[in-house]
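The values are calculated or read from the model by the stated rules, or taken from the named source; none is laboratory data. Please read all numbers here as calculations on a predicted model, not as lab measurements. Every residue, glycine among them, receives a Cβ derived from its backbone with ideal geometry; neighbour counts consider all protein chains shown. Heavy atoms of the whole protein, side chains included, go into the accessibility calculation; ligands, DNA and RNA do not. Shrake-Rupley method; radii C 1.70, N 1.55, O 1.52, S 1.80 Å.
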Amino acid sequence: MFKNYIKIAWRSLKKQAFFTFLNTFGLAIGMAGALMISLYINDELSYDKMFADADRIYRIDADIKFGGAEIKAAESAPPMAGALKRDYSQVESTVRFRTLGSMYVKKVGSETSSKEDRVTYADSTFFEFFGIDLLVGNSKSALTGTNSLVLTKTAAEKYFGSTDVLGQDLLLDNSDTYTVTGVIDDMPKNSYFNEYSVFLAMAGNVGSREELWGSNNYFTFVKLIPEARVEDFQAPLQGMLERYMLPWAQKYFPGMTAESFAASGNYIRYHTIAFTDIHLHSDRSSEMNATSSMQNIYILSFIGLFLIILASVNFMNLSTAHSLKRAKEVGVRKTLGSNKMNLIFQFLTESGLIAFISLIAALLITMITLPFFNGFTGKSIAIPFSQPLFWLLLFAATILLGFFSGCYPAFFMSRFNPVKTLKGGASESVGNGRVRNALVIFQFSISVFLIVSTLVVFQQLNYIQSKDLGFTKDQVLLINEISPLGSKTNAFKEEILKMGNVENVTLSNFYPTPSWRSDTSFFQEGTKSQENAIQMQTWDVDMDYLKTLEMDVVAGRDFNKQYASDSTAIIINEATLPILNVTAQEALGMRISEEIDMENPSYYTIIGVVKDFHFKSLRENIGALGLHVENNAENMAVRLSGGDYSKSIAEIENIWNTMAPGQPFDYQFMDEAFYSTYNSEQKLSQIFFIFTILSIFIACLGLFGLAAFNAEKRTKEIGVRKVLGATVSQISYRLTVDFLKLVGVAILISLPLGWFAMNKWLEDFSYRIEIGFGVFVLAAVLAIMVAIVTVSYQSIKAAIVNPVKSLRSD
Amino acid sequence: MLLQLKNIFKWVQQGGQRVFLLKDINLEVEEGEFISIMGPSGSGKSTLLNVIGMLDTFDEGEYDFLSESVHTLKEKYRSNLYKEYIGFVFQSYHLLDDLTVEENLEMPLLYKKIKSSERKALVADMLDRFNIVGKKDLFPTQLSGGQQQLVGVARALIGKPKLILADEPTGNLNSQQSEEIMALFKKLNEEDGVTIIQVTHSEKNAEYGSRIINLLDGRKI
C-alpha cells in the first residue's frame, strides 16, 4: 500500500508540475534558510567546548566602581592568579594572558616583516591548562624562558616554510628577539583564541610579577578540581578584596577601610564566568576576541522558526487550495472503499515526499550559498555530511515538517463528501477558506513584522553613520604602526603635509575608533581623598589633533606651539565637566594630577574644553576624557581634501618606502575603522534584510497559488459577470481586493508588534532613533504593493478568459 | 433478501422549509435482481442510488443491507460493508487519471488489503475477461469513452460485489457503446448472479432489467 501511495504521490506531483514547483520551492527556501541558521547557531554554541576540561574552566571578572567610573573588567590584577591558587583548594591550576594587540614580526635577517594581528603573553601553564598538544616542542618548558615564543602552524610556515623551527629567532616590532620554542596547531575558529598566532612567554613581561593590585590587565583563568562546585568557589572569592586589594590600597590611601571604601559608593565585585559562556554571555567590553550575544542567537532562532513556519503554512495553503483538483479523486477513492485514514495516509505520503524533495533542494541551495554566508559572517561553517547525528536530525525534522505541513490538508481533503465531489460540486466542499485566509494573514503578519524590523535596523544604522559625532570621520586616513620611522617621524609628517591634497596631519595613539583604552584616576588640585577621584581617559596627542579631526573647542583654546607651557596643558571634554562640578569657563585654569600620594605632584592645567565627540560605540554614553601633548605616537592620521584617494595613498606609500624601507605600510580609512564598532548591527541588518526578502518571497508564493485557486474557483462567476457586461478591470479589481483585505488585517496585527519589538532592540543604544510613523507607512505600502503585484497576474489572467469557455464546462 | 428500505425520507432545509429529496421510499431488493430506476431530472434517482450505496445519508427510515441495519452503523463499518459488497459505475466513469488501467483495477483490492500476488491474479483475470489486456498500461485519457466505461465496470466488479450500482452508465456513450455495456450488465446479471441497480433515462436500457422503479419528486410511483 505504501509503495502505491508513493507511486501515486509521485505521479500527481509530476502532473501538477507548477503547483509542485511552488510548493517545493517555497519549502526548500524555508528549509535552506533554517538549515543555515541552525548551522550558524550550532557553531556559536560550540565555542570553546573543544578544549579538554572546558567545563571546569572559569575566568575571573570584576565589576569595579571607583572615582565616578564603572568598569566591567574581564581582566584581573597580575598577582590574582597566584593568590587564587594559593588560597583556594578548589583551584587546580591557573593561566593568565596579557594581550599585545598586533605586532610586526620578521625572521632575523629578513628584510620584510609582516603583521600578526593577535599576539599575547601567556603563562607557561597555557598548554597543559587547555589540553593543547604541541606539534614540536615541550609543553611544560616551551613558555618558560624570558624570550621564548610559541607559534601556530600557519605562522611558523609563513616565516620559516615549515614547522620544524625550534630554536629559530624572530624579531618582534623590530626591537625584541624571541626564540621559537614550540609550534601548535592553529586555534579553532570557534574558540576564544581564534586568530591568536603568537604566544610570548609571560616570563618576559615584568609587570606580571609585580604585586600590583590596582591595575587590571591580565585575563585570568582558573581550572577547578573535578569535585569542586563553582558556587562554593564564587562566594569566598569576594574575600580577595579585604585580603589583598585593601591592604595594597592602604599604602596609597592611608586610613582607608572596607567600610569607608563602601561608604563612598565604591565597590569591587569579583565573580566567575564559565569559559564556554564567554562567547555568548560575557558583558565585558574588552575581550581577547570579539564575542557575540545570546540576543542575536534568539533573534536568529526566531527568524529561522519564522521561515520554516512560513514555508509550512505556504504548503498548507497551496495544498488545500489545490484540493479542488483532487476532490474528484477523493470521491472516487471513497466509493472504491477507501476510508478516511487511507486518504490521510495517502496525502501525508505526498507531503512527506514533497518535504524530501525540498530537503534535497534545500541542501543544494545551502551548499551553493554557504560560502557567501561564511564570507559575511566570518565563519567557516560546513555542512557536516559525515555526521550521522546531522542526518538523523535532518531526516527527523523533514518528516516532522512533512507531517505538520501535510496534516491539515490531509484531514481537510479526506473529509470531502463523495456524492458532492462526484457531482462536480467540488468548490462547495473546498469550503469558503476561512482557515486559508487566516493563514495568509499569518504569513503576511510575519512578513510585515520583518519589514518593519529591517527598516528600523537600517534607520538606526543610518543614524549612527550620519550622526554628528563631534568630529569628521570622513576623508581621514589612519596609518598604523609608524614606529619603524623612529626619528624620521616628524620628517615623514612634514613630507606628507607638503602633498597638495593633504589638509592636516596629526600623530597620536588614540583615535575615536574602536580600540582598547582604560581610564585613569585624576585628582583635582587640593583633593586629599581618593573618594573624589575623577576617572577619565587620557589621550596622548600632538598639537594638530583637534584641527585634523575637526573637533570644536567650546571654551578656552586649542594647543598652540607658541605656548611652551602647553606641554603640561590638558584639554578636557564636556562630559568631564559634571564630574568636576564646574562650567566650561570655570574649568579653565584648574589643575589636575594623577598623583595624589606624592609630595609634589605634577599637574596638568586645563586650557580648553572640547565639544563632546563619540569615541565609544553609540551604544554607550560619552565618558570623561582629557587630551594632552605627548610625543610617543605610533599612529598617524592624515586628513585628505578629496580628489583621488588611491593616488594619495600611493604617494604616501612612496614616501613611506623611502623613509622606512621594507616595513609594511598599513593603513585604513577612519570611517571604516569607525564602522567596525557596529559590525554586529551591520551583520544583523544584513541577516534581517536577506531573511525578510526570503519571507516575503515565500509569502508571495503562497499568495500566488491562492490567487490561482481563487480565480479557478470563481471561473463560472467571472464568466457570468462578463456575459452580463463586466469589464476586465472591474473583474480583476474584484479578485484582487479580496486579498488586499487580508493583507490589511495582517498589517494591523503586525505593526504594533513590530513597534514593540524594535523599541526593545533600540534600548541597547544610548543614542537612538525614534521609530517614526513613516516606517509603518512604508512597511504597509511595501506589503500591499507586493501583494498587488502577486495577485494581479492571476486576476487579470482569469478576467480575460473568454466567458464561452468558462461557462461551457458542466 | 439483499436489501430493504423502509419509509426512507431525505430532505434539505431551504429558506426555512423542508424540501424533500426522497419521500417515504419503500423498496425490497432480492439477490439476482436487475432493477432500473427511472424518472425525470430532479426526481431523486441519483439520491436514492447514493443512499442505497451508503454514500449518502437519509433523515428518516430504516435501511437493512444483508440483515445489517445500515442506519445504526458507524461510518467505518459502513465503509467496510460497501467496500465488501458494492461496486459503483458512474456516468462519467470516474477513473483515476493518474493511474493506468491496470492500477485502476487494482485500487479497490488495495483498500480491501488483498495480498499482492492475489491482486495480480485478479487483475489479470479481469483484464482477460473484458478483453483489455492490451490496454493495461494505458492511462484513462488514452481510451475512448466506451473503453473507459468498460474499465469502470471491470473495476466495480473486481472486488466480487453482490451489488452493482450504476448511475446512468451509458449517459456519455454513443448507442453502439451503450448496447455493449448494457449487454455486459445483462450477462453479469444472468450468468454471475450479480444484483444490479441502474439509474437511466432510456426506456431501451431499462428494458434490460427485470424491474422498473419510477420516481417523481422523490416519491415512488
Hey, what do the phi angles of segment B:119-130 turn into as Karplus ³J(HN,Hα) couplings, whole Hz, using 6.51/-1.76/1.60 and θ = phi - 60°, x for Gly and Pro?
4, 4, 4, 4, 5, 4, 3, 5, 4, 4, 5, 9
Grab the beta carbon distance between B:Gln13 and A:Ser301, set R0 = 51 Å, and tell me the FRET efficiency rounded to 0.05.
0.50
For segment B:172-221 and segment A:259-320, what is the separation of their Cα centres, given in Å?
76
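Looking only at other chains, what is the average number of their beta-carbon atoms within 10 angstrom of each beta-carbon in B:45-52?
Mean number of neighbouring Cβ atoms from other chains: 1.
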Losing no less than 10 Å² of accessible area (probe 1.4 Å) relative to the isolated chain, the residues of segment A:326-347 are A:Lys328, A:Glu329, A:Val332, A:Arg333, A:Lys334, A:Thr335, A:Leu336, A:Gly337, A:Ser338, A:Asn339, A:Lys340, A:Asn342
Scan around A:Val541 for amide H atoms under 5 Å from its own, H built in the peptide plane at 1.01 Å from N, and keep only partners 5 or more places away or cross-chain.
A:His628, A:Val629, A:Glu630
Which net charge results when you count Lys and Arg as +1 and Asp and Glu as -1 among the other residues whose beta-carbon is under 14 Å from that of B:Leu184?
-1
Along Cα→Cβ, 7 Å out, is where each label goes; now give me the distance between the ones at B:Glu207 and B:Asp59 in nm to one decimal.
3.9
Can you give me the long-range amide H partners of A:Ala555? Hydrogens built in the peptide plane at 1.01 Å from N, cutoff under 5 Å, separation of 5 or more residues or another chain.
A:Val609
Pairs of Cα atoms under 8 Å, at least six residues apart: use those to get the relative contact order of chain B, whole percent.
32
Return the aspartates and glutamates within reach of A:Lys713: Cα separation strictly under 20 angstrom, same-chain partners fewer than 8 residues apart disregarded; answer none if there are no such residues.
A:Glu329, A:Glu428, A:Asp738, A:Asp810
Got a number for carbon plus sulfur as a percent of chain B's accessible area, 1.4 Å probe?
44
Helix A:294-335 vs. chain A, principal-axis angle (Cα, 0 to 90°, nearest 10)
10
Whole-Hz Karplus couplings 3J(HN,Hα) for segment A:159-169, θ = phi - 60° and coefficients 6.51, -1.76, 1.60, Gly and Pro as x, run 8, 10, x, 7, 9, 8, 10, 4, x, 6, 10
Sequence ranges A:17-27, A:280-290, ranked by mean other-Cβ count within 10 angstrom, highest first:
A:17-27, A:280-290
Between A:Leu724 and A:Lys85, what is the label-point separation in nm under the 7 Å Cα-to-beta-carbon projection?
9.3
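Measure up A:Lys65/A:Lys467; B:Lys6/B:Lys220; A:Lys473/A:Lys547; A:Lys72/A:Lys223 against 19 Å on the Cα-Cα distance and list the ones that go over. Don't skip to the end; give the middle numbers.
Numbers: A:Lys65/A:Lys467 30 Å; B:Lys6/B:Lys220 12 Å; A:Lys473/A:Lys547 13 Å; A:Lys72/A:Lys223 22 Å.
From A:Lys65/A:Lys467; B:Lys6/B:Lys220; A:Lys473/A:Lys547; A:Lys72/A:Lys223, over 19 Å: A:Lys65/A:Lys467; A:Lys72/A:Lys223.
Evaluate peptide B:103-113: per residue, the Cβ atoms of other protein chains within 10 Å of its Cβ; return the mean as an integer.
Neighbouring Cβ atoms belonging to other protein chains average 4 per residue here.
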If each K or R counts +1 and each D or E counts -1, the residues other than A:Arg721 whose Cβ falls under 13 Å of its Cβ total +3
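Tally Lys and Arg at +1 and Asp and Glu at -1 over the other residues with C-beta under 13 Å from the C-beta of A:Gln730: what net charge comes out? Intermediate values should be presented prior to the final figure.
Working: positive: A:Arg721, A:Lys722, A:Arg734; negative: A:Glu717.
Residues close to A:Gln730 contribute a combined charge of +2.
Just checking the output field for B:92-100: average partner chain Cβ neighbours within 10 Å of each residue's Cβ?
Working: counts 4, 1, 10, 1, 8, 6, 11, 6, 1.
Going residue by residue through B:92-100 and averaging, the value is 5.
For Cα pairs less than 8 Å apart in space and 6+ apart in sequence, what is the mean separation divided by the residue count of segment A:476-677, i.e. the relative contact order in percent? Working shown, then result.
Working: 389 pairs, mean separation 74.8, N = 202.
Value for segment A:476-677: 37 percent.
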With a 1.4 Å probe and ligands and nucleic acids left out, the total accessible area lost when A pairs with B, in Å² to the nearest 100, equals 2200
Lysines whose Cα lies under 25 Å from that of A:Lys153, excluding same-chain neighbours fewer than 8 positions away:
A:Lys49, A:Lys106, A:Lys107, A:Lys115, A:Lys140, A:Lys189, A:Lys379
Which percent of the accessible heavy-atom area of chain A goes to carbon and sulfur, probe 1.4 angstrom?
57
For segment A:476-677, the charge dipole (Cβ of Lys, Arg +1; Cβ of Asp, Glu -1; about the Cα centre) points to a positive end, and the Cα of A:Phe522, A:Val609, A:Gln562 closest to that extreme belongs to A:Gln562
Please name whichever of B:Leu95, A:Val150, A:Ala783 sits farthest to the positive end of the charge dipole of the protein assembly as shown, dipole taken about the Cα centre and charges placed at Cβ: Lys and Arg +1, Asp and Glu -1.
B:Leu95
Euclidean distance between Cα centres, segment A:550-595 to segment A:689-766, Å:
61
Roughly how tilted is helix B:145-157, in degrees to the nearest 10 and between 0 and 90, from the longest Cα axis of chain B?
80
Based on the Cβ-Cβ distance of A:Ser602 and A:Ala382, what FRET efficiency does E = 1/(1 + (r/R0)^6) give at R0 = 41 Å, to the nearest 0.05?
0.10
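Go ahead and estimate [θ] at 222 nm for chain A from helices alone: -39,500 (n - 2.57) per DSSP H run with n ≥ 4, summed, over the residue count, rounded to 500. Mind showing how you got there, number by number?
Details: 26 runs with 391 residues, N = 810.
The per-residue figure over chain A is -16000 deg cm²/dmol.
Looking at the protein assembly as shown, what % of its DSSP beta bridges pair antiparallel, to the nearest 5? Display every interim value, and only then the final one.
Numbers: 88 of 125 bridges.
Of all bridge pairs located within the protein assembly as shown, approximately 70 percent are antiparallel.
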Please give the residues of segment B:190-221, grouped as numeric ranges, whose backbone N is less than 14 Å from a label point set 7 Å along the Cα-to-Cβ vector of B:Asn26.
B:220-221
Nearest 0.05, what FRET efficiency do A:Lys467 and A:Lys683 give at R0 = 25 Å with Cβ-Cβ as r?
0.80
For the protein assembly as shown: accessible area per residue (Å², 1.4 Å):
44
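Pairs B:Lys10/B:Lys204; A:Lys716/B:Lys135; B:Lys113/B:Lys187; A:Lys488/A:Lys647: which are spaced more than 25 Å apart, C-alpha to C-alpha? Write down the numbers at each step before the final one.
Values: B:Lys10/B:Lys204 29 Å; A:Lys716/B:Lys135 36 Å; B:Lys113/B:Lys187 29 Å; A:Lys488/A:Lys647 23 Å.
Over 25 Å Cα-Cα: B:Lys10/B:Lys204; A:Lys716/B:Lys135; B:Lys113/B:Lys187.
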In whole Å, how far is the Cα centre of segment A:157-219 from that of segment A:612-668?
27
Go through segment A:7-23 residue by residue and turn each phi into a ³J(HN,Hα) via Karplus (6.51, -1.76, 1.60, θ = phi - 60°); whole Hz please, and just put x for glycine and proline.
4, 5, 4, 4, 5, 6, 5, 5, 5, 9, 4, 5, 4, 4, 4, 4, 5
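Please go through the residue pairs B:Lys83/B:Lys120; A:Lys683/A:Lys760; A:Lys15/B:Lys115; A:Lys7/A:Lys334; A:Lys616/A:Lys683 and name each one whose alpha carbons sit more than 21 Å apart in this structure.
Values: B:Lys83/B:Lys120 19 Å; A:Lys683/A:Lys760 18 Å; A:Lys15/B:Lys115 29 Å; A:Lys7/A:Lys334 19 Å; A:Lys616/A:Lys683 19 Å.
Distance filter (> 21 Å) returns A:Lys15/B:Lys115.
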Mean separation of Cα pairs under 8 Å and 6+ residues apart, divided by the residue count of chain A: what relative contact order is that in percent?
15
The set of residues whose placed amide H lies less than 5 Å from the amide H of A:Arg619, leaving out same-chain residues fewer than 5 positions away, is A:Ser766
